[in-house]
Structures are given as C-alpha cells and as structure tokens.
Amino acid sequence: MATSNAVHLLLRAAAASCHRLPYTFRGFSRLGSPGRFFHASAPARLSSEDKITVHFITRDGDKLTAQGKVGDSLLDVVVNNNLDIDGFGACEGTLACSTCHLIFEEDVFKKLDAITDEELDMLDLAYGLTETSRLGCQICLQKSLNNMVVRVPESTADARQSIDIGKNP
C-alpha cells in the first residue's frame, strides 16, 4: 500500500511539473506524449537562446516579463522569477486549486497541449473563466510559445478554501 501511494505521488509530481517519466516505470505505462524525462539531476546552464520569454499582464494591468526554460510550467516561471502575483500557485502545481488560472490569446491557446480531465475539473472552479483559460501549472514552455502574453484574471479563487483574491481596490 505504501509503495502504491509513493508511486502515485511520483506520477502526480511528474505530471504537474511538465516532466515525463520513462516509457515504463515498474509496470506503469508511459505518461502523455514523448518529452522530457523525470530526473533529479541539477539543471544545466542555459544560454539566453534556450530561454522562453513570457509576458504576464497582472490584475492591475502591469506587465511582468520573465524567462523560463523549455519544459518549465508557467507556475515554475512565476516562482523561479519571484513574480509578484498575489496567491498564484497556492497548491504548488498539484491540481488542488485554481489560483494559477491564466487567460491566453487565441493564437497561443491553439498551440497548447491538450487539456486533461483533471485540469478541466479544476478550471470549473475558477472565476472569470474564458474559452482560452488554462491553469499555469499545466502549461509547459515550448519554443513556439516564446514571447507569449498571458493575462491573470481580475479575480481568483483558491478551490481549497473560500478565499477570493481580486484586483486591488
């Protein structure tokens, strides 16, 4: 039973962090499409050419620009660059809240990987849902997304609690 729980947590962590496990893991089948493999090695140094630039439009209309590497989630970009977005990623990417809800431009939205049922369930709890809404913890950076602009909704709800985080009065 403990091994089963450990495997479940490892699988969930890999899925939430945009990393993929090897094709088989103790009898479990490959997760998602081919991509990066889950590993614990130190990150390699990247040149500026290897980085993806993301522009976040905050609730107050401010533009925050940050960079991440291919395979990072948008949540990783916010956390790793210490961006000041109130309440963003409260569950640390475990699909237990909807605080990393982002709104994408139509052309960028079409480039994103397919949405999962788990993400759809969590998006149902998000405020300000649009046809181009996604959770930042589930969006992995790829070169085709370089210089994308994403908008933080004016209001956010933490699905784990009854807390509303809105635009400053």
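Kindly report the accessible area of segment 103-161 per residue (heavy atoms of protein chains, probe 1.4 Å, no ligands, DNA or RNA), in Å².
53 Å²
Taking every Cα atom in segment 40-155, find the radius of gyration and the maximum pairwise distance Dmax, and write them in Å.
Computed over the Cα atoms of segment 40-155, radius of gyration and Dmax are 13.4, 39 Å.
Which of the lysines could a cross-linker bridge to K143, judged by Cα under 28 Å and excluding same-chain residues fewer than eight apart?
Hits, sequence-local ones excluded: K51, K63, K69, K110, K111.
The values are calculated or read from the model by the stated rules, or taken from the named source; none is laboratory data. Only a predicted model underlies this, so the values are computations on that prediction, with no experimental measurement involved. In case anyone asks, the SASA skips ligands and DNA or RNA and just uses the protein heavy atoms, side chains included. Shrake-Rupley method; radii C 1.70, N 1.55, O 1.52, S 1.80 Å.
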